[in-house]
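Read through the structure below, which is laid out as structure tokens, and then see the notes.
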Amino acid sequence: MITLETLMREYAERTPESAALYGKACRALPGGVSANIKFFDPYPLFMDKGEGAWLTDVDGNRYVDYLLSYGPLALGHGHPAVKAAIMEQFDRHGSLLYGTPHALETEYAEKIKEHFPSIELLRYTNSGTEATLLSLRTAYACTGKYKIGKFEGHYHGGYNQVLLSVNPPLARAGAVTRPIPVPESAGLEPYQLVNTVVLPFNDLEDCTAILREHKDDMAAVIMEPLLAGYIEATPEFMHGLRTVTEELGILLLFDEVKTGFRAGLGGAQGLYGVRPDLTALGKVIGAGMPMGVVGGKKELMMKSAPVRGSDVFDMSAEKRSSAGDVLFHSGTYNGDPLILRAGLTSIKILEKEFEGIRARTESLKKGLKDLFAARGIAVNLPGVGTVFNIVLTDKPRIESYRDMQEADLTLRKKIDFALFREGIYNKPTNRYSLSTAHDESVIDFTLEAYKKVLARFQHFQN
Ligand SMILES: Cc1ncc(COP(=O)(O)O)c(C=O)c1O
């Protein structure tokens, strides 16, 4: 069997400039990266240029990009219409930022509402993290309760309440039916282990029992309706969860940061026909720039309306006294016109081209499935819409984080490193995202690359 050491040696031979830049980066940034997720062993590739479906690294190697920056680039790199929209903001409107309301805030909001009927009112944020954070604060403010339920294996951003049991070692994660909260970061407040209750995904019976126990303290259940963006909830689980949360007076928050405009134009909620109370969006809506949205029921979202009272910045005496009644939500860059213009442009293109990406995603999945089958490697390709993952397992259904732990991640990592040489980029073991730029020729190129890599593995096996 070809060893990881061989593949790493190959990697080092092809990427000396990335290695050198990484060495320099380590002198300026902890671990050489600006976000922990950007790191992989022995050092990450440093990219220099993007064009359509392609990335070029600093050593001049070209790759089809299936990371797509973890999903936002639904039109690929440097789409001319997005570029024109950004330039137009300068040319016609003269500034990047007004610090006042502007018409595009409403125009883009109406477009999002069209695709997400559960969203009656919305607010813009600067990231998916801020969006889920604001959705939780809204839930606390509206229910007067301060616990949340979150599912094992689900990610909602980088702050204390939700940095639990995203990727827990199973030895510490408790029973499958009663997961234990496992911190994912140093520096979490100990009370989060009590205030965040971890739930088993796709297990309605045990989930319901846990929710019943905590119903008097629990403001909301937050979830990725597709775990990690590609593992489906069963319709029974999803509809059952909606019913039980409603019955228990717990708000249901869909974190559609990954699935919004990817599982379908209307996100996972459109596919399931389930109306959450609040929805968080991010990634695709900003067309590659930092942006998030929180939206949902009018009666909940109105909690942040300053016309109801005031906010922390209002200095008049009578207003200050009511500041605590209004949900605080502000941000220098909220509703940034440049980002909204690029995002809205990108959504209008996706409306026409989404089905094409979805069809090509399916044809790539089918091609891959056949290639793995021909080599006798068990594979499951879970995913909906324009995202999927390659899970090396003989499990016919993957329904939870724990199912994922049974996959052969070592082989997957080796395949991913071997693919670098054939011109395919993804962060090793990450999910695949496609864009409008991933056309038939890109899919054919990818399947050819896989054919070579899998043949190489087989050759070494014999
Ligand atoms: C489901 C989900 N929620 C929230 C976030 C956080 O978004 P951001 O990285 O924009 O802060 C992410 C990011 O990957 C995500 O996948």
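Annotations for the structure displayed:
- Over the residues of the chain, the helix contribution to mean residue ellipticity at 222 nm works out to -12500 deg cm²/dmol, using -39500 (n - 2.57) for each DSSP H run of at least 4.
- Unit Cα scatterers, Debye sum, the stretch 59-147: log10 I(q)/I(0) for q = 0.17, 0.22, 0.23, 0.24 Å⁻¹: -1.08, -1.32, -1.33, -1.34
- With Cα atoms, 0 to 90° folded angle of helix 103-115 axis to the chain main axis: 70 degrees
- The C-alpha atoms of the chain define a longest principal axis, and helix 409-421 lies at about 70 degrees to it.
- Order by protection proxy (mean Cβ within 10 Å, highest first), peptides 220-231, 187-198: 220-231, 187-198
- For the chain, the longest principal axis of the C-alpha atoms and the axis of helix 440-461 are separated by about 60°.
- Entries of Lys111/Lys283; Lys24/Lys283; Lys365/Lys451; Lys38/Lys395; Lys111/Lys352; Lys258/Lys427 with Cα pairs more than 18 Å apart: Lys24/Lys283; Lys38/Lys395
- Cα-based convex hull volume of the stretch 98-335 per residue, rounded to whole Å³: 132 Å³
- Peptides 416-426, 76-86 ordered by packing proxy, namely the average of other Cβ atoms within 10 Å per residue, highest first: 416-426, 76-86.
- Radius 15 Å from Cβ of Pro30, net charge of other residues (Lys, Arg +1; Asp, Glu -1): +3
- If you bin all the Cα-Cα distances of the chain at 20 Å, starting from zero, the percentages per bin are 23, 56, 20, 1, 0.
FYI, it's all coordinate maths here, none of it is from the lab. The structure displayed is predicted, hence computed values, not measured ones. Here the Cβ is made from the backbone with ideal geometry for all residues, glycine too, and neighbour counts use every protein chain on show.
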